[in-house]
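To start, the structure under review is shown below, and the notes come after it.
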Amino acid sequence: MNILITGGASGLGEAITRRLAAGGADKVFFTYNRSEEKARAIEAEFENASAIQCDFTDETSLNSLVNLIPSLDLSVLINNAWTGTFIDTHFHKTRVADFATGFSQNILPTISTTQAAINAFRKKKSGKIITILTAALSETPPIGSSVYVASKAYLQKLTEFWGFENSKYNITSNAVSPSLMLTGLTASIDERLIEQMTQNQPLLTTTEVAEKVAFLIDAGPEVNGTNMVINSATNSK
């Protein structure tokens, strides 16, 4: 099968790309923006992996990806790319414009790529969409994460709609919601805050989450419209 992973050259995206390319049987396309060195390293390691440069904040670059999708003959789309930060500042200190920026740089590009994939999936009457969300949607979200969590909540509802509206075309849409991982997205978080956030719940690894994505790819059509929340085991006191 042919798979496309957005934001697949670093952090969780890289782990997903490597996990899916490791088998060698599938063709794995993945986008990158600034992580060209990592993208080329993945291509060099896996003959079945192909990098596509795409800046989701640039309309021309995004449109190039959207126009390319029909020719990729995809079976799976994995929405992983994210532009921005996880934790910034308290809600009452957050500029309204920051919410608009988060929407335009993350939600709208995801909508565009998913629409292109669904149009292709409908023609072949099969396809799978997997969207990376966050466990903060079902837990107490960290202070300062209002823009990130609000954007992910929007995607959560879209994930459900995609599955419902397209099930008769044998298209499924599911989500994975991991708890805290140490990636580039969380690199700027103060160590004391990370310690506080992980007192009762150990950090996840990107490899653990990538395995769950692989599980959803292999799942049957009866798994549709679900949100798989992934938490590490609770620390005992």
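Just so it is clear, none of the values below were taken in a lab; they were calculated from the coordinates. Only a predicted model underlies this, so the values are computations on that prediction, with no experimental measurement involved. Here the Cβ is made from the backbone with ideal geometry for all residues, glycine too, and neighbour counts use every protein chain on show.
Label separation (residue 40 vs residue 2): 2.6 nm, computed from points 7 Å beyond Cα along the C-beta direction.
Can you give the extra length, in nm with one decimal, that the chain gains between residue 22 and residue 98 once fully stretched, where that is 0.36 nm per residue apart less the Cα-Cα distance?
Numbers: separation 76, 0.36 × 76 = 27.36 nm, distance 3.81 nm.
Result: 23.5 nm gained on full extension.
Label-to-label distance for residue 219 and residue 107 is 2.4 nm, based on points extended 7 Å past Cα in the beta-carbon direction. Based on Cα contacts under 8 Å between residues 6+ apart, the range 4-128 shows a relative contact order of 25 percent.
For the residue pairs 27/125; 38/123; 124/152; 93/212; 93/157; 38/168, alpha carbon separations beyond 31 Å are given by 38/123; 93/212; 38/168. Backbone phi angles across the range 57-72, fed through the Karplus curve with coefficients 6.51, -1.76 and 1.60 (θ = phi - 60°), yield HN-Hα couplings of 8, 10, 4, 5, 5, 5, 5, 4, 5, 4, 6, 7, 3, x, 7, 7 Hz in residue order; Gly and Pro are listed as x.
Taking 0.36 nm per residue of sequence separation and removing the Cα-Cα distance, the residue 89/residue 154 pair yields an extension gain of 21.4 nm.
What does the highest-first list of 16-25, 160-169 look like by mean Cβ count within 10 Å? Mind showing how you got there, number by number?
Working: 16-25: 19.3, 160-169: 15.6.
Highest to lowest by the protection proxy: 16-25, 160-169.
Modelled label positions at residue 143 and residue 68, each set 7 Å beyond Cα in the direction of Cβ, lie 4.3 nm from each other.
With only Lys, Arg, Asp and Glu charged, each at its Cβ (+1 for the first two, -1 for the last two), find how big the charge dipole of the chain is about the Cα centre; round to the nearest 20 debye. Walk me through the numbers on the way to the answer.
Details: 19 positive and 23 negative charges, 117 e Å.
The calculated dipole for the chain is roughly 560 debye.
Per the Cα gyration tensor, the range 2-230 maps to an equivalent ellipsoid with semi-axes of 27, 19, 18 Å, ordered largest to smallest. Compared with the alpha-carbon gap, the fully stretched path from residue 125 to residue 167 is longer by 14.2 nm at 0.36 nm per residue.
Using amide H atoms built 1.01 Å from N in the peptide plane, name the residues 5+ places from residue 81, or on other chains, whose amide H lies under 5 Å from its own. Excluding prolines and chain starts, which carry no amide H, the hits are 6, 7.
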